[in-house]
Every structure is written in structure tokens, then in C-alpha cells.
Amino acid sequence: MPQKRDDATPTEKSLMLFSLMLFNGREFSLGEIAEKLNCSKQTASRLLDGLERFSYGRLRRGRHGRESFFSLERPNLPPRVCLNPEGLRRLALCRDFMLHLLPESMRRDTEAALNQSTAFLPAEETKEHAALPAGKSLTKGYIDYTPFQHMLDTILHALRERRVCSVRYQSSLSAEEKEYDYAPMLLEVYHEAFFVRGWVVTDKGRVEALYDTPTTLALHRLRAVTMTRRSSEQLPPAEDTSSGAFGLLEGDPFKARIRFSPAVSTYVAERRWSEDQHISVHKDSSVTLSLTARSRQELLAWVLSFGEHAQVLGPAWLRRELQDKLTAMLEQYAHREKKPSPAERSTKNTPDSET
């Protein structure tokens, strides 16, 4: 007999589905519902039928292409609910860790929303401390997104409305600005920066993706964003087929092996760098990390950040590329400055004469 996906009863799954549809207010595909409830599509379909017969609100069904989508049309008078104090404290903790990334006015809105939410807590004694700061995010460098708030708001609006945007983008300081028709699908955070994942699409006629894979844009490198009337509803989700691999930039996944000295081995072994990673611990407390990466530039930069404490073992082409980078770095420091003579040092230490 096949093993059940989890131990939740049908009644519990029905309540989970009801909560999912009620509190999100958006459409869900059958596959997405099955994934969130950890069940088969057949079970999800039966649960939807039950929800349609007995639930608070009316179940709406629709299709986008070949896939069916479901949402809950709620009555005008919502049920009276109170917030969970522990849930609000966890939201406050998320605020503490992420708030520094947002523009200033978004920070104020977030703080105000959390503080106002305490009014819906069930007990007076829990309100005072529910939204108090309990954490802090430490970073070595950050991007001030205040100048980019208008573009962030536009991207978020386009995500909600499933609209195409006209964007102007500069990939680096030396690159020329380029214009795209772009359908944003997801906002991502990576290394203290916002990235938008979506499709570069046709600029006229039917909205169609121009490339086989999604395109990721850095929010702070956008120079202009304008939401258009064109719909992106017919486009598929911008799925990341190698999301478990090391790195953000798209590329063909490859296997790599890196050995780390005892000075950094604990740090490396404590963290997950790719979904399929394997760590071997050696007698001298050094470790060898085997992982899948999809961006050699990011992987090499990461290895170089450990200095002499990291060594690429394979593949051979990655070792050669790292050797070339090290050679180029050494050449920058090969020519030492000539040491000044005692007379030159004495001259340099003499104050300039007044004129």
C-alpha cells in the first residue's frame, strides 16, 4: 500500500484549503493547491468540490490556457476574526530582518500596519509587546532603495495585475541603456538586493516570451518602469529549473568540488550552498564540499573570498579559470613602488614654505 504524503486528516486538509483560499484572495492552480496541501491533484480536486458545496463564499473556477484556476469569492461582510499574537510576533521578526531593504516610506507603512494590527489581538496584556523589535539584520553593504521606490511600486502593481511593463535597463556602469517589454513574475532578494524575475516579451501584438528561459533584472539597475495595458496572464510562471543550485545568474548547471581549510571549515559545513551538496570531513578538520552551481562567475568570486583557505579541486576547466584570475591579480601587484631615499623622506616631511 503506498505511503501517505502526510498524516493530516481529510477534515484538516479541508480547513487548510479553506484558510488558503480565504486569506490569500488570489487564484490558485490545481497543482499549486496540491503542493501546498501536500496531496495529489485528485485529492485536491475532491477537496475543492467539498469547499464549493459547504464553504463560506462562492468558489470561482477559471482557465488560463490548459490549466484550471480556483479562487474564493467572499461575501461583502467578512467573518469576525482576531489575530494570533504569536503570528504577529513572527511578522514583527520578519520586519526586523527585512525592513532595512525597503525604501523609507515603505518602512513607515510597514511599521504602521503592524502597530495597527495589535488592536485586533484577543487579550489586552498581549498587545503591548506584540510588535516590539526583537531582531536586527547586520550587513556589510546595502543599497538605498529610496530613489527606486516608484519603480518598486510599479513592479509590485504589475505583479498583482499581471501586466507587462516597459522598462529601461542598464546592466552595468559602462553598458548602454536598453529598453524591453517585460512581464514581471516574481520579486527576489539575493545578497541584500532586490531582483525581478520575469519574461522579456514581444513589444507588439500578442504577448509572447522572446526567450526560452526567464530573465532576471536587478531592481537598482532599472532606469525607468512604466506599466502598460498589455496583460501577461497567458504567460507561464517564471519557474527556476535550477533553483537549488549555487548562484543567482542563469547558466548551465555544473558540478564542482572545493576543499576548505580548518580555518573556515566550520563556517562552510554549517550552511547549505546547494540542494544536492555533500560535505566530507577530513582528519585535519578540513572539508571538501561537492555542490551544483549554475554561475561560474559567482562561484569563483565566492571561492576567492576565502583567499588561501579554499582550493578548487574540480572540474579542471574551473581550476584553470581560477588560475587565470589569480595570475591577473598577481600582475596588478607585481610592480612594487620604489622606496623613497632618506633625503626624499626628509623632503616629504618638511612643511611647504609659505608664498
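The values are calculated or read from the model by the stated rules, or taken from the named source; none is laboratory data. Every value quoted in this text rests on a predicted model; they were computed, and no experiment measured them. Don't worry about glycine lacking a Cβ; one is built from the backbone with ideal geometry, like all the others, and counts go over all protein chains shown. Side chains are part of the model used for accessible areas, which takes the heavy atoms of the whole protein and leaves out ligands, DNA and RNA. Shrake-Rupley method; radii C 1.70, N 1.55, O 1.52, S 1.80 Å.
Roughly how many Å² of Trp199 are accessible to a 1.4 Å probe, to the nearest 10?
Rounded to the nearest 10, the figure is 20 Å².
Explain nothing, just compute: Karplus ³J(HN,Hα) = 6.51 cos²θ - 1.76 cosθ + 1.60, θ = phi - 60°, for every residue of segment 166-182 in order, whole Hz, x for Gly and Pro.
For segment 166-182, the Karplus curve yields 9, 10, 10, 9, 10, 6, 7, 4, 8, 8, 7, 5, 10, 10, 9, 9, 9 Hz.
Suppose a student asked you for the relative contact order of segment 168-257, using Cα pairs under 8 Å spaced at least 6 residues apart; what percent would you report?
24
Where the accessible area of segment 144-290 is counted over protein heavy atoms with a 1.4 Å probe, how much of it, in %, is carbon and sulfur?
49
Could you tell me the distance between the Cα centroids of segment 253-302 and segment 156-194, to the nearest Å?
31
How much length is gained on full extension from His278 to Arg320, taking 0.36 nm per residue of separation minus their Cα-Cα distance?
So the chain would gain 12.8 nm between His278 and Arg320.
Among 283-292, 13-22, how do they line up by average Cβ neighbours within 10 Å per residue, starting with the highest? It would help to have the intermediate numbers written out before the result.
Values: 283-292: 16.0, 13-22: 17.7.
Taking the mean over residues of other Cβ atoms within 10 Å, the ranking is 13-22, 283-292.
Evaluate segment 157-299: find the radius of gyration of its Cα atoms, find its Kirkwood radius, and give the ratio Rg to Rh.
Dividing the radius of gyration by the Kirkwood radius yields 1.10.
Taking 0.36 nm per residue of sequence separation and subtracting the Cα-Cα distance, how much length would be gained by fully extending the chain between Asp153 and Asn115, in nm to one decimal?
Contour length minus the Cα-Cα distance gives 11.5 nm.
Below 12 angstrom from the Cβ of Val164, what's the summed charge of the other residues (Lys, Arg +1; Asp, Glu -1)?
Result for the local shell: +1.
Using a 1.4 Å probe, what is the accessible area per residue for segment 142-199, in Å²?
Accessible area per residue: 54 Å².
Starting from the Cα gyration tensor of segment 235-278, multiply each eigenvalue by 5, take the square root, and state the resulting semi-axes largest first in whole Å. Could you put the intermediate results ahead of the total?
On the way: eigenvalues 153, 24, 13 Å².
Gyration-tensor ellipsoid for segment 235-278: 28, 11, 8 Å.
Could you check the spin-label model distance between Arg160 and Leu186? Points 7 Å from the Cα along Cα→Cβ, value in nm.
It works out to 2.1 nm between the two label points.
Just to confirm a number: summing +1 for Lys and Arg and -1 for Asp and Glu over residues other than Phe260 whose beta-carbon lies under 13 angstrom from that of Phe260, what do you get?
In short, 0.
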